[in-house]
Amino acid sequence: MRLSQAVVKLSGGRSFCHLSRSGTGARGLGTVPLFTVLEVVDKMDEAADRIILNGMQFYGYHGVMPAEQELGQPFIVDLEMYCDLREAGEKDDLTKTVDYSHVYELVQGIVTGEPFQLIEALAERIAAVVLAEFPLKQVLVRVRKPHAPLKGIFTDVAVEIRRFKNAG
């Protein structure tokens with residue numbers, strides 16, 4: 001599904017953006033002030049660069065079931081950190097980027113540390129700590145639980161959250 005937009009200028013100099021699904025014959029999705037659309041596009045462009053850590057595996061004691069809290073199980077964490085990488089790339093300077101070995105150590109400490117009942121809470125803690133510790137614009141955290149206590153065949157259970165650094 002693609003979104004199309006039409007910018008409408010109104011008397012008084014105010015601009016609005018009308019959003020609709022293109023190619024679907026669907027009616028418009030709504031009208032929003034143009035500055036709102038431009039702010040979203042700006043944030044997307046600023047955060048296009050990212051550092052990705054995939055498949056970090058740790059043993060933790062997270063879960064609702066008593067056996068999960070007592071025996072533990074493996075957890076797999078994927079992390080996407082959105083930040084401007086231009087200066088680091090141009091200067092080939094580690095101090096101008098995020099040291100992902102430090103990120104790994106932080107995530108490891110969280111997953112192997114204090115137990116949570118929900119992997120949602122685990123993901124929230126990872127996102128909050130990583131955003132607080134590093135100069136990031138946003139972070140995407142995926143926590144996978146391959147041995148969740150479900151009767152059935154599955155690869156894993158996962159949650160994925162995206163959080164933005166608060167301005168100010």
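The values are calculated or read from the model by the stated rules, or taken from the named source; none is laboratory data. Keep in mind the model is a prediction, meaning the values are calculated, not measured. Reconstructed Cβ throughout: ideal geometry from the backbone, glycine too, with neighbour counts over all protein chains shown. Protein only, heavy atoms only, side chains kept; ligands, DNA and RNA dropped before computing areas. Shrake-Rupley method; radii C 1.70, N 1.55, O 1.52, S 1.80 Å.
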Enumeration of residues in the range 49-66 that are more than 13 Å from Val111 (Cα to Cα) and either outside any strand (DSSP E or B) or hydroxyl-bearing (Ser, Thr, Tyr) (or both): Asp49, Val64, Met65, Pro66
Contacts under 7 angstrom Cβ, first residue in the range 57-80 being among the small types (Gly, Ala, Ser), partner not in a loop (DSSP other than H, G, I, E, B), 6 or more apart: Gly60/Phe75; Gly60/Val111; Gly63/Gln69; Gly72/Tyr59; Gly72/Gly60
Single unsatisfied condition, Gln69 versus (1) open to solvent by 70 Å² or more (accessible area, probe 1.4 Å); (2) part of a loop (DSSP other than H, G, I, E, B); (3) of a type outside the set (Asp, Glu): (2)
Pair list, Cβ under 7 Å, 6 or more apart: the range 93-113 residue over 18 Å from Gln57 (Cβ atoms) and without any contact (Cβ under 8 Å) to a residue 60 or more places away in the chain, other residue open to solvent by 30 Å² or more (accessible area, probe 1.4 Å) and part of a helix (DSSP H, G or I): Lys96/Glu87
Test set (1) modelled with pLDDT of 95 or more; (2) of a type in the set (A, V, I, L, M); (3) closer than 21 Å to Val130 by Cβ - Leu71 fails condition number: (3)
Hits in the range 56-70 (condition: of a type in the set (Gly, Ala, Ser) and more than 15 Å from Ala121 (Cα to Cα)): Ala67
Matching entry among Thr95, Thr112 (being open to solvent by 50 Å² or more (accessible area, probe 1.4 Å) and at pLDDT below 95): Thr95
Count - residues of the range 117-155 that are more than 15 Å from the chain's Cα centre (by Cα) and surrounded by 14 or more Cβ atoms within 10 Å (Cβ to Cβ): 4
Where a residue in the range 115-134 is more than 14 Å from Lys165 (Cβ to Cβ) and free of Cβ contacts under 8 Å to residues at least 24 places away in the same chain and its partner, wherever it lies, is β-branched (Val, Ile, Thr) and surrounded by 15 or more Cβ atoms within 10 Å (Cβ to Cβ), with Cβ under 8 Å and at least six apart: Arg125/Ile110
